[in-house]
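See below for the structure under consideration.
No lab work stands behind these numbers, since they all come straight from the coordinates. Computed from a predicted structure; not experimentally measured. Cβ placement follows ideal geometry from the backbone for every residue including glycine, while neighbour counts extend to all protein chains displayed.
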Amino acid sequence: MHRFYSVLLLIISLTISVKSQSNATLGLLPSINISKKLPKDWSLHAKAETRLEVYSEEFDFEYQLTDLSLLAGRKVSLNTSLSAGYQIRFRQETISNRTIQQITYVKRYTGFRLSHRFAADQTFQKQEYAEYRFRYRISSEFALQGQSVDPGEFFVKLNNEYLYSLQGQTDDLEIRLGAFGGYSINHGSKLELGMDYRTDSFIDNNIRHRMWIGINFYQTLQ
């Protein structure tokens, strides 16, 4: 259970740090994730996510965007899967389209699971240069009771991601850190609550800090 309190302390510390920065944003990031297993090791993954800004220099509740995505994946070995898909983003009066490709490697150990994800995506929008992004994420999930996460039990999830983007003559690096506490509702449903911290604009020396309160629901359909 000490892992849960460590994550809680990290969340509080990150929140205080972001609010103390002048170029900082605090908001809500709820998402719904639905997965469907298909024959021959295929699967479908659908996701809906919304961003709501709560604080930027002052407290002000503002809608930012909504993402809808669908990926098809196939398990190619015991621990490795390949997937590709499409995302549409609604931001005020603009719509952008994104294609996604990724490789995921998941290794299970006693008491926790470790995953690596290598991904690339391409975003297209009218009157804008195409944006190309390359991403690496390492994620770990720890059971707080026993050696695996069973229904009715809590768990902790930690993420670290590095994202390099290129758009026209402009490039950037973004670093993301995530700390979540989760609860396994049943064999197919999970709920997570935590913080997603993001910082970017390193290259042009105008660093931004963004903290999102993440509320994630996962449902796996057999």
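Please report the antiparallel percentage of the DSSP beta bridges confined to the chain, to the nearest 5.
Numbers: 121 of 134 bridges.
Counting DSSP beta bridges with both partners in the chain, the antiparallel share is about 90 percent.
To the nearest 500 deg cm²/dmol, what mean residue ellipticity at 222 nm is calculated for the chain from DSSP H runs of n ≥ 4 alone, each contributing -39,500 (n - 2.57), summed and divided by the residues?
Rounded to the nearest 500, it is -2500 deg cm²/dmol.
Check residue 153: other-chain or 5+ apart residues with amide H under 5 Å from its amide H, H built from backbone geometry?
It is 184, by chain and number.
Show me, for segment 64-69, the HN-Hα J-couplings you get by feeding each phi into the Karplus relation (A = 6.51, B = -1.76, C = 1.60, θ = phi - 60°), rounded to Hz, glycine and proline as x.
For segment 64-69, the Karplus curve yields 10, 6, 9, 10, 10, 9 Hz.
Rounded, prolate or oblate: pick one for segment 2-221, where a ≥ b ≥ c are the square roots of the eigenvalues of its C-alpha gyration tensor, a/c under 1.5 means rounded, and failing that, prolate if a/b is larger than b/c, else oblate.
Note, shape of segment 2-221 comes out oblate.
Where the centroid of each part is defined by its Cα atoms, how far is segment 160-222 from segment 85-146 in Å?
Spelled out, the Cα-based centre of one part sits 9 Å from the other.
What range in the chain is the longest one free of trypsin sites (Lys or Arg not before Pro) that are in a loop by DSSP and have at most 10 other Cβ atoms within 10 angstrom?
Longest gap between qualifying sites, sites excluded: 127-222.
Using the Karplus curve 6.51 cos²θ - 1.76 cosθ + 1.60 with θ = phi - 60°, what ³J(HN,Hα) values do you get for each residue of segment 72-86, in whole Hz, with x for Gly and Pro?
Karplus values, whole Hz, x for Gly and Pro: 10, x, 9, 7, 9, 7, 4, 10, 10, 9, 10, 8, 8, x, 9.
Return the long-range amide H neighbours of residue 25 (sequence gap of 5 or more, or a different chain), with a cut-off of under 5 Å between placed amide H atoms.
Here the answer is 209, 210, 211, since their amide H atoms fall under 5 Å of that of residue 25.
Please turn the phi angles of segment 45-62 into ³J(HN,Hα) values with the Karplus equation 6.51 cos²θ - 1.76 cosθ + 1.60 (θ = phi - 60°), one per residue in order, whole Hz, x for glycine and proline.
Each residue of segment 45-62 in turn: 10, 10, 9, 10, 9, 10, 10, 10, 7, 10, 9, 7, 6, 8, 6, 7, 7, 9 Hz.
At most 11 other Cβ atoms within 10 Å plus a DSSP loop assignment makes a site exposed; report the longest stretch of the chain without any exposed GluC sites (Glu not before Pro).
94-222
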